[in-house]
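In what follows, a structure is listed as structure tokens, so that the remarks can point back to it.
The values are calculated or read from the model by the stated rules, or taken from the named source; none is laboratory data. Just so it is clear, the model here is predicted, and its values are computed rather than measured. Positions of Cβ are generated from backbone atoms using ideal geometry, with glycine treated the same way; all protein chains shown enter the neighbour counts.
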Amino acid sequence: MAKTSQSKGRKDGLVAENRRARRDYAVEDTLEAGIVLVGSEVKSLREGRANIAESYAAVEHGELWLINADIPIYTAANRFNHEPKRRRKLLVSRRELARLGEAADRAGRTIVPLKLYFNERGLAKLLLGIATGRKAHDKRDVEAKRDWQRQKARLMRES
């Protein structure tokens, strides 16, 4: 009997995407990090349930932590469930950790989660971005440029 996929998430493994991050921040560099999860969190992610929109990463005591990410409880786990907004440890090499810590210490920079997904091997990964916050007028400029590019492409297709 053939094994069928039980996953309710997307085919490409994407669980959650922080779409506001690209608007609110100018992402300078990206980095893939592993994430330490408990069993009920993995089950919840496999169902495609997570929210990383209001979360961020921080270097504390020589470790990288994901703060304020919401992975809802997995109802079938019953009493063995996890706390939905707990801090989760991120796995990066020492060199990457030093680089992230150095980048985050500079004025106006933060470590923002961009995507939460499962890689080809089935491991949960988090795409982090080293970003600088944008002011309101910068956001409007970026939006205007994006709209113009979209309109230009539409005009090129029509002609």
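Scanning the stretch 113-120 for residues that are among the aromatic types (Phe, Trp, Tyr) and out of contact with any Ser or Thr (no Cβ under 7 Å at 6 or more places or on another chain) turns up at least one hit.
Considering only the stretch 78-111, state which residues are of a type outside the set (S, T, N, Q) and assigned to a loop (DSSP other than H, G, I, E, B). Once the filter is applied, which keeps residues that are of a type outside the set (S, T, N, Q) and assigned to a loop (DSSP other than H, G, I, E, B), the stretch 78-111 yields HIS82, GLU83, PRO84, LYS85, ARG86, ARG87, VAL92, ARG106, ALA107, GLY108. Could you tell me whether the stretch 68-85 includes any residue that is among the small types (Gly, Ala, Ser) and either buried (at least 19 other Cβ atoms within 10 Å of the Cβ) or modelled with pLDDT of 85 or more (or both)? Yes; the residues of the stretch 68-85 include at least one that is among the small types (Gly, Ala, Ser) and either buried (at least 19 other Cβ atoms within 10 Å of the Cβ) or modelled with pLDDT of 85 or more (or both). Checking each residue in the stretch 22-55 for being farther than 16 Å from GLY129 by Cα and assigned to a strand (DSSP E or B) picks out only ASN51.
Go through GLY62, GLY122 for me and flag whichever is farther than 26 Å from ARG22 by Cβ, exposed (fewer than 13 other Cβ atoms within 10 Å of the Cβ) and in contact (Cβ under 8 Å) with a residue 12 or more places away in the chain. The conditions single out GLY62. Might you check whether a residue that is in contact (Cβ under 8 Å) with a residue 12 or more places away in the chain, closer than 15 Å to ASP29 by Cβ and not basic (Lys, Arg) occurs anywhere in the stretch 74-94? Yes: one or more hits. Among (1) more than 21 Å from LEU100 (Cβ to Cβ); (2) within 12 Å of the chain's Cα centre (by Cα), there is one condition ILE52 misses while meeting the rest; what is its number? The failed condition is (1). Of all the residues in the stretch 56-77, those that are outside any strand (DSSP E or B) and small (Gly, Ala, Ser) number 4. Evaluation of ARG10 against the conditions (1) under 13 Å from the mean Cα position of the chain (by Cα); (2) at pLDDT below 90 shows that the sole unmet condition is (1). Do we find that THR132 is in a strand (DSSP E or B), modelled with pLDDT under 85 and under 18 Å from TYR25 (Cα atoms) in this structure? Taking the combined requirement at face value, the residue satisfies it.
Only residues that are of a type in the set (Gly, Ala, Ser) and loosely packed, with under 15 Cβ neighbours inside 10 Å were counted in the stretch 35-52, giving 2.
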